[in-house]
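Everything below concerns the one structure shown next.
The values are calculated or read from the model by the stated rules, or taken from the named source; none is laboratory data. Bear in mind that the values here come from a model prediction, so they are computed numbers and not experimental data. With ideal geometry, Cβ positions are generated from the backbone for all residues, glycine too; neighbour counts draw on all protein chains shown. Quick note on the areas: whole protein, heavy atoms, side chains included, nothing else; ligands and nucleic acids left out. Shrake-Rupley method; radii C 1.70, N 1.55, O 1.52, S 1.80 Å.
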Number of protein chains: 2
Amino acid sequence: MNTTRPRKRATILDVARESGVAPSTVSRAFTKPGRVNDVTREHILGVAERLGYAPNPMARALESGHTNTLALLVPDITNPYFAGVIKGAERAVARSGRTLVLGDTQESAAAEEQLVRRLGPAVDGFVLSASRLPDDGLRRAAEVNTLVLLNRAIPGIASVVADYASGTRQIIDHLASHGHQSAVFLAGPPESWSGRMRWDGLRAAATDMNMTVKRIGPYAPTLDSGPAAADAVITSHATAAVCHNDMLAIGVIRRLVERGVRVPQDVSVIGFDNIFGADICTPLLTTLAEHTQDAGARAVDALIHLGQQRSRTVKSWQLPTHLVVRDSTGPSRLR
Amino acid sequence: MNTTRPRKRATILDVARESGVAPSTVSRAFTKPGRVNDVTREHILGVAERLGYAPNPMARALESGHTNTLALLVPDITNPYFAGVIKGAERAVARSGRTLVLGDTQESAAAEEQLVRRLGPAVDGFVLSASRLPDDGLRRAAEVNTLVLLNRAIPGIASVVADYASGTRQIIDHLASHGHQSAVFLAGPPESWSGRMRWDGLRAAATDMNMTVKRIGPYAPTLDSGPAAADAVITSHATAAVCHNDMLAIGVIRRLVERGVRVPQDVSVIGFDNIFGADICTPLLTTLAEHTQDAGARAVDALIHLGQQRSRTVKSWQLPTHLVVRDSTGPSRLR
DNA sequence: CAAATTATGGCAAACGATAGCCATGTGATG
DNA sequence: CATCACATGGCTATCGTTTGCCATAATTTG
C-alpha cells in the first residue's frame, strides 16, 4: 500500500503570513506572552493550532545555544536496576519541558566515551549513571560538557550517590540482630565504584558490631553467576551472604535451594537494589533499596540547575537507602 | 568547589580560519571526501582534531532537514516488557549512527499525542510501541511524521507485530495436550490492541480444538490486579487461566497459592511476554515469548528504511512467537 | 596548441527561530 | 497642549552548517 511522504511542516513564516503579522511577533506570542497584545496572541495561537505548527527545536537551539535536551547514559538498559533511574530521569526531564536522549554504553568505557563525544554538541548535559570511565576520562569529559554523575563520585564533578554507609550499616545491624556473627560478601566487578563502596561500608559496619565479613569473588552481577557464587557460600560455611546485587542474589538463592540449602534457615541472603524481581522470587529477597527514581530525577534536576548558573559550584547529593526485609533473611543457624 | 563552565565549542569557522581555508571547504572535508584535495583534507582534519571540533548536529539538521535522530515512545519505561524493545531499538539506532530519543507516554493517549507533537520537528521519525492513540489520532500523526507501529496495526501505516495467531494456537495446543477442555482469559485494558488480538486468537484456536474459552475482566495488567483476577478464576472453576500478560499472571499465581489453590495441579496459568520475572517467580511461569529485542530493532530498521525512500510503500512485519513451557502449567485436574 | 574537461576552492544564500533595536500609536502626566 | 512613558509590532542580524553556483587552475583531448 502507498501513502505520501509526510508533508512539509509549517514554519513560523507560514503562521506569520497566515495571521498577517511578522515572524518575530509569532515567535514572541509563543515565548514571551506579555510582549504581545492578548488578542493578537490569541489569533496567532489559533492560526498556529490550525496549521499544526510546532516550533523547530533545532532552529531554536542554533540561536540560543542550548538544546533543551539532556542525555542519560546507562551501562545496560535491560538491567532492571536502571529502569527506575531511567523513569525518574524521564519524568524530571519531561517536567522541565526538555527532551531525554537515552544511551546504552554496553558496559564499555570506549562506547561511553564515543557516545559522549558524539552526543555532546546535541545536548545541554549528561547524566552518567554508573559510569565505566576512569577518573581522568571523566574529568576530560567534564571540560566540554556539563555533567552529573550517578553513583560515582570524584572531586570536582557533581554527583548523586546512594548512602551506602548507612545502607551497609542497616544490613549489618539486621544480620547482627539475628545473631549472625560473620558473613560473606559476594563481590561484583572490580571496576564497580558502588561495589567498592558497598564492601568498604560493610567492613566498617561489621567492625563496629564485632562481626567479621569476608569478601569472595568477583562475580558477574548476573543470574548466571549464581551457581558459582552459591557454591562458594556453601564452602565458606557462612551463615549469611551479602550479594553485590539482586540479580546475583536471586541466582545464588536458586542454586542454594537446588543444592538443598534452605534459605533463610541455613543461610540468609541479602541483595542490593531492590529490583522488581526481588519481590517475586522465592523466598522474597531481603535487599537494600535505593530510591532509583528519585536518584534519576535528582540527577537531572541537578544537571538542569548546573546548566543555569554562571559560575558553578559543584555539589554532591547523598540519597537515603533503606533495608527492605523480606523472607530471605532470618536467625543464624548457629545461634 | 568551583570549576569553570564548559568552554565554548569550536565551530567550523574556527577550523576554517585555523587551517586557512573557507568554511565550505571544511564542511566538504567532512561530508564529501572526494570533493576536496587529499592533502588539504588531511590538514583540515588534523586541525579539527586538535581543536576538538565536532559538527553541530543542530545546525546540520536545520540545513539538511533531517536530524539523524529517532524517537521511541513506550507506555511505561519501567514495565519490563519494554526493556527488550528499548534495548533492541537502541542497538539498531546506534548501529546506524543515529541517536535515540526515548519517551514515556505514561499510558496516556494525551501524553502520547503531545510528545509526538513536541518531538516531531526534532526527529526523523517515531516508533510507537503499543500506542494508546486511537486510529484516527495515529493517522493524523502519520501525516506529518514518518512512523512505525509496534504491536499495533492499522492500514496505511507501517507496523511490526507479534504473530499472536500462531502464539495463541500454541497456547491452546499446549493446554489441550494436557487435557484441558476449557480455559478463562483474564483480559487486560479494553483499549489494548494486543489484548484484542490475543483474545481473538485464543477464541479461534479454541474453536478449532473443540475447547471453550471465557473472557473475564478487564483487569489492569499489573501485579496488583492479581488478587481480583485470581478470585475470579477460582469462582469460575476453570482448570486453566490465560492472563493478559506476565505481570498479571504472576499476581494471579501468588494469590492462588495464598488461597490454597495449587499451581499447576489445580489450575494451570499462562502469561504473555516472557518478562524477566517469569523466570524467577514460583512456580516458573509458562508464557508466550515475543522477541522484543528483535521487534525493537526491526521497527527501527523499518523506520530508517522508510525515511530513505521517496515514494513509500507501507509494509508490515510479523514476528514469530514461541511458547516457553515452564512449571505453571500441567495436566488438567479433571482429566 | 587551442579547446574542453576536470579538480579544487571560495562566495553567498538558505534552513527556522530569536532578540536587539527602532518606529509607531496610545494614554497618562504636568 | 506638550511631554513622556509604555505598549505593540516590524526589521534585521545572527546562530553553525550545507549547497548551488561561480572562478580559477590544472589536466586532458583532438
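If I model a spin label at residue A:309 and residue B:259 as a point 7 Å from the Cα along the Cα→Cβ vector, what separation in nanometres do I get?
It works out to 5.7 nm between the two label points.
Out of every Cα-Cα pair in the range A:33-79, what percent are more than 18 Å apart? Present the calculation step by step, with values, prior to reporting the outcome.
On the way: 658 of 1081 pairs.
It works out to 61 percent of all Cα pairs.
Based only on the alpha carbon positions, what is the Kirkwood hydrodynamic radius of the range B:72-112, in angstrom? Kindly include the intermediate steps, with their values, before the conclusion.
Working: mean 1/r = 0.0937 Å⁻¹.
Result for the range B:72-112, one decimal place: 10.7 Å.
For the protein assembly as shown, which whole percent of the accessible surface, found with a 1.4 angstrom probe, sits on carbon and sulfur atoms?
51
How large is the convex hull of the Cα atoms of chain B per residue, expressed in Å³ as a whole number?
Numbers: hull volume 59.5 nm³, N = 335.
With only Cα atoms used, chain B gives 178 Å³ per residue.
Starting from the residue with the highest accessible area, list A:58, B:209, B:197 in decreasing order, probe 1.4 Å. Present the calculation step by step, with values, prior to reporting the outcome.
On the way: A:58 20, B:209 80, B:197 60 Å².
Sorted by accessible area, descending: B:209, B:197, A:58.
Hey, how much of the P(r) for the range B:88-192 falls beyond 24 Å, as a percent of Cα pairs? Intermediate results must be reported in sequence, preceding the final value.
Details: 2083 of 5460 pairs.
Looking at the range B:88-192, the distances longer than 24 Å represent 38 percent of pairs.
Peptides B:234-242, B:284-292, A:10-18: what's the order by average Cβ count within 10 Å, highest mean first?
B:284-292, B:234-242, A:10-18
Over the range A:157-209, consider all pairs of different Cα atoms and compute the Kirkwood hydrodynamic radius from their mean reciprocal separation; express it in Å, one decimal. Mind showing how you got there, number by number?
Working: mean 1/r = 0.0848 Å⁻¹.
Result for the range A:157-209, one decimal place: 11.8 Å.
Could you tell me which of the pairs B:87/B:214; B:8/B:32; A:32/A:315 are separated by over 30 angstrom between their Cα atoms in the structure shown? List each step's numbers first, then the result.
Details: B:87/B:214 35 Å; B:8/B:32 26 Å; A:32/A:315 32 Å.
Table pairs above 30 Å Cα-Cα are B:87/B:214; A:32/A:315.
Could you compute how much accessible area chains A and B hide from each other, both sides summed, with a 1.4 Å probe? Nearest 100 Å² is fine. Provide the component values of the computation, followed by the final result.
On the way: alone 17370 and 17360 Å², together 28790 Å².
Using a 1.4 Å probe on protein heavy atoms, the buried area is about 5900 Å².
Give me the inter-chain shielding for B:142-151: mean count of other chain Cβ atoms within 10 Å, whole number please. Can you show the working numbers first?
On the way: counts 2, 5, 7, 2, 2, 1, 0, 0, 0, 0.
That average works out to 2.
Under a Cβ-only charge scheme (Lys and Arg +1, Asp and Glu -1), can you give me the dipole magnitude of the protein assembly as shown about the Cα centre, in debye to the nearest 20?
Dipole size: approximately 1380 debye.
With charges set only on the Cβ (+1 for Lys and Arg, -1 for Asp and Glu), what does the dipole of the range A:165-291 come to about its Cα centre, in debye to the nearest 20? The partial results should precede the final answer.
Numbers: 10 positive and 12 negative charges, 60 e Å.
Taking the Cα centre of the range A:165-291 as origin, the dipole is about 280 debye.
Over its Cα atoms, what ratio of radius of gyration to 2.2 N^0.38 Å does the range A:132-254 give?
On the way: Rg = 16.2 Å, N = 123, 2.2 N^0.38 = 13.7 Å.
The range A:132-254 yields a ratio of 1.18.
Pop the C-beta distance of residue B:62 and residue B:135 into the FRET formula with R0 = 51 Å and round what comes out to the nearest 0.05. Could you put the intermediate results ahead of the total?
Numbers: r = 34 Å, r/R0 = 0.66.
It comes out at approximately 0.90.
What spacing in nm lies between the two simple spin-label points modelled at residue A:40 and residue A:333, each 7 Å away from Cα in the Cβ direction?
Inter-label distance under the simple model: 8.2 nm.
Over the range A:12-55, give the accessible area per residue in Å² for a 1.4 Å probe, as an integer. Write down the numbers at each step before the final one.
On the way: 2580 Å² over 44 residues.
With all protein chains present, the range A:12-55 gives 59 Å² per residue.
Over 38 Å, how big is the tail of the calculated P(r) for the protein assembly as shown, in percent of all Cα pairs? Before the final figure, lay out each step's value.
Working: 97369 of 224115 pairs.
That fraction is 43 percent.
Distance in nm between label sites at residue B:24 and residue A:32, each 7 Å beyond Cα in the beta-carbon direction?
Modelled inter-label distance: 3.6 nm.
What does the range B:237-335 give for Rg and for Dmax, in Å, if only its C-alpha atoms count?
For the range B:237-335, the Cα-based Rg and Dmax read 18.3, 62 Å.
Just the Cα atoms of the range A:238-296, one point each, no solvent: what log10 I(q)/I(0) does Debye give at q = 0.26, 0.30 Å⁻¹?
Scattering profile of the range A:238-296, log10 relative to I(0): -1.03, -1.29.
Counting only C-alpha contacts under 8 Å and six or more residues apart, can you give the relative contact order of the range A:95-240 as a whole percent?
Details: 177 pairs, mean separation 26.2, N = 146.
Rounded, it is 18 percent for the range A:95-240.
Just the number, please: percent antiparallel of the DSSP beta bridges in chain B, rounded to the nearest 5.
Details: 4 of 40 bridges.
Rounded to the nearest five, the antiparallel share is 10 percent.
Taking Rh as the Kirkwood radius computed over C-alpha pairs, what is the Stokes-Einstein D of the range A:185-268 at 20 °C in a medium of viscosity 1.002 mPa s, expressed in µm² per second?
Working: Rh = 12.8 Å.
Answer, rounded: 168 µm²/s.
What percentages, rounded to whole numbers, describe P(r) for the range B:12-55 computed over all alpha carbon pairs with 10 Å bin width beginning at zero?
Distribution as computed: 34, 63, 3 percent.
Using the Cα atoms of the range A:1-103, I'd like the radius of gyration and the largest Cα-Cα distance, Dmax, both in angstrom.
18.4, 54
Heavy atoms of the protein only, probe of 1.4 Å, neighbouring chains included. What is the accessible area of residue B:101 in Å², nearest 10?
10
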